[in-house]
Amino acid sequence: MKLSVIGTGYVGLVTGTCLAESGNDVICMDIDARKIGLLNTGSVPIYEPGLEELIKRNVVHERLSFTTDMAASVKNSDIIFIAVGTPPGENGSADLKYVLGAAREIGRHMNGYKVIINKSTVPVGTADKVKAAVASKTRFKFDVVSNPEFLKEGAAIDDFMKPDRVVIGADGPKAALLMQ
Ligand SMILES: NC(=O)c1ccc[n+]([C@@H]2O[C@H](COP(=O)([O-])OP(=O)(O)OC[C@H]3O[C@@H](n4cnc5c(N)ncnc54)[C@H](O)[C@@H]3O)[C@@H](O)[C@H]2O)c1
């Protein structure tokens, strides 16, 4: 499958790399040009046991690439993960500005049906906000899926590849089947 991951931080980089290792074509996108520059020259901005080797292998096999180009990432993917940060706001609740910003950008560049999957840690009800944000920018059909990540730093690859649970929240059978 053709996938992209918006936000190439801890969760996005591990998610994208592991999904490429599973045989998918993955584009990891980030607005941080420095981070993407490092990744494109073979450096890994975080330390996670086994990650560098997995990235190298999947880049060589052309299943994994890194870009700052949101338009190309969205247009060339059927499934788009959102894995941007959700820093705690003043009252401790997750600040959704990056998630909703990414959702609007995805909507702006859509060229057909997409499944948009939120991996960031967000409160209940966020999928409806993501839906509204995407819908405000596109006329194409799409589904929004919740698929929260439970990986732990230091054991992220194992946690992702052999999870003790996978939580998927989808509105309809089409997106649920794709997620399976
Ligand atoms: N790190 C963990 O151990 C962990 C585990 C489970 C869940 N989470 C959750 O996953 C989410 C991501 O966490 P993280 O640790 O990977 O964060 P991070 O800060 O390492 O990475 C987030 C990335 O998103 C990028 N970004 C922000 N806005 C963007 C946009 N509009 N388009 C493209 N890229 C954008 C940033 O530049 C950054 O590189 C958070 O909600 C976090 O709570 C984290």
Exercise. When averaged across all projection directions, what area in nm² does the alpha-carbon convex hull of the range 69-158 cover?
Worked result: 6.6
For this session: Please sort by residue number the GluC sites (Glu not before Pro) in the range 38-74 whose DSSP state is loop and whose Cβ has at most 14 other Cβ atoms within 10 Å.
Result: E62
Seminar exercise, completed: The summed charge of the I79 Cβ neighbourhood (under 9 Å; Lys/Arg +1, Asp/Glu -1) stands at +1
Problem set entry | trypsin sites (Lys or Arg not before Pro) restricted to the range 113-180 and DSSP loop, no more than 15 other C-beta within 10 Å | K137, R139, K141, K152, R165
Exercise. Which of the listed residues, A135, A71, I46, is farthest toward the dipole's positive end in the chain, when Lys, Arg count +1 and Asp, Glu count -1 at the beta-carbon?
Worked result: A135
Exercise. For the range 29-180, taking Cα atoms only, what is the radius of gyration to one decimal and the Dmax to the nearest whole Å?
Worked result: 16.0, 45
Exercise. Past the 30 Å Cα-Cα mark, which pairs from K56/K97; K114/K162; K35/K174; K56/K137?
Worked result: K56/K97; K35/K174; K56/K137
For this session: Could you work out how far apart the two model spin labels at K174 and A135 are, taking each label as a point 7 Å from the Cα in the direction of the beta carbon, and quote it in nm?
Result: 1.5
For this session: Please find the FRET efficiency linking I31 to V60, where r is the Cβ-Cβ separation and R0 is fixed at 35 Å, and quote it to the nearest 0.05.
Result: 0.85
Seminar exercise, completed: In whole angstrom, the spacing between the Cα centers of the range 28-78 and the range 127-153 equals 22
Exercise. Dipole of the chain, Cα-centred, from +1 at each Lys and Arg C-beta and -1 at each Asp and Glu C-beta, to the nearest 20 debye?
Worked result: 720
Exercise. Any idea what diffusion coefficient the range 1-67 gets from Stokes-Einstein, in µm²/s, Kirkwood Rh on alpha carbon pairs, 20 °C, 1.002 mPa s?
Worked result: 189
For this session: Report the charge-dipole magnitude of the range 78-175 in Debye, nearest 20, computed about the Cα centre from +1 at each Lys and Arg Cβ and -1 at each Asp and Glu Cβ.
Result: 520
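Coordinate-derived values only; no laboratory data. Being a predicted model, the structure only gives us computed values, none of them experimental. A quick note on method: Cβ atoms are made from the backbone with ideal geometry, for glycine too, and the neighbour counts reach across all protein chains shown.
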